[in-house]
1. Could you check residue B:56 against (1) under 15 Å from residue B:221 (Cα atoms); (2) more than 9 Å from chain A (Cβ to nearest Cβ) and say which number it fails?
2. Could you look through segment A:59-68, keep only residues that are surrounded by fewer than 21 Cβ atoms within 10 Å (Cβ to Cβ) and either facing another protein chain (nearest Cβ under 9 Å) or under 18 Å from the mean Cα position of the chain (by Cα) (or both), and pick out the one that is farthest from residue B:215 (Cα to Cα)?
3. Pull up segment B:59-71, narrow it to residues that are more than 8 Å from every other protein chain (Cβ to nearest Cβ) and closer than 19 Å to residue B:132 by Cα, then point me to the one that is surrounded by the fewest Cβ atoms within 10 Å (Cβ to Cβ).
4. Going through B:174, B:209 one at a time, which residue ends up being assigned to a loop (DSSP other than H, G, I, E, B) and either more than 16 Å from residue B:79 (Cβ to Cβ) or within 23 Å of the chain's Cα centre (by Cα) (or both)?
5. Quick one: in segment A:12-22, of everything that is within 10 Å of another protein chain (Cβ to nearest Cβ) and surrounded by 19 or more Cβ atoms within 10 Å (Cβ to Cβ), which residue is nearest to residue B:50 (Cα to Cα)?
6. Which of the residues that make up segment A:23-35 are over 17 Å from residue A:95 (Cβ atoms) and either surrounded by 18 or more Cβ atoms within 10 Å (Cβ to Cβ) or in contact (Cβ under 8 Å) with a residue 40 or more places away in the chain (or both)?
């Protein structure tokens, strides 16, 4: 049961984020939903690389050869967390400009994109 | 699109996703039973091959450095996008700091906030630099330390008003630091090719494991990344502060 629990959490985060994105009435809310969807990948990656009872992949205090979790997924994750923050900042900047030009932040009211 | 039709589409997409997801999970071992082999090989080899005891940093800035270069340029472009989108438009003017509406002025920062922010700012700089420079030894590195460093200007902003914030920060210097951070990362790779190595191959002396001057290019690239992440986030902060506090619609 516990073996599949993290995968279920990842699926739940993805689904709830996607639902929020689809029903969003506000671009700021949609941006945050996108962050929730993205965080589901962090749960999925760290769950896939986890090994019960193993050490962190840092061998400053423990000897090399001690069972450790997968460092590759952690490396993937930590770069993505920082990048996600700046991409969210970019989305919010787009929101500010959309509101300035069209006077609304409701995705349904934005209508077709204008150049 | 009608809400009804949208709901049907989302439902169909969700059902399709969960079928594929469940199918994909069938091939995965349960969580906690990581089967290897790549992580295990790296865990066993990184300290001997690269003299870096933090394998995550070794992967980020050496084994997978080319990929990290790409990620760093995503960050760089996103920051540029924010700055370009939020800059002053032709029909806007930038004036002195915007005054609040009468009767709705924001209260000045409380003494408790000021004392805490002032007290924290110096330790934060030290802590951020520590995390950046020790990434090859213990958990940390350029990405984490850069974010910690970038929170210092935010604390200084909380201490006082925006004019004081502008007086002690330099926009030009931050831009230069961001460009230099991104440039040094690529330059290290190119210098390696000039010396006959592969792009981003670790060609510097590896030093003694556990010291700051170990792990060759990992420490250098981590430092450059730290500077770039920090400067990038500070530029985003500045762009938002400018947009919210200084730029106004129409003529002044």
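Coordinate-derived values only; no laboratory data. Every value quoted in this text rests on a predicted model; they were computed, and no experiment measured them. Here Cβ is always computed from backbone atoms with ideal geometry, including for glycine, and neighbour counts include all displayed protein chains.
1. (2)
2. In this case the residue turns out to be A:67.
3. Per the stated criteria, the residue is B:69.
4. Answer to the selection: B:209.
5. Going through the qualifying residues, I end up with A:14.
6. Once the filter is applied, which keeps residues that are over 17 Å from residue A:95 (Cβ atoms) and either surrounded by 18 or more Cβ atoms within 10 Å (Cβ to Cβ) or in contact (Cβ under 8 Å) with a residue 40 or more places away in the chain (or both), segment A:23-35 yields nothing.
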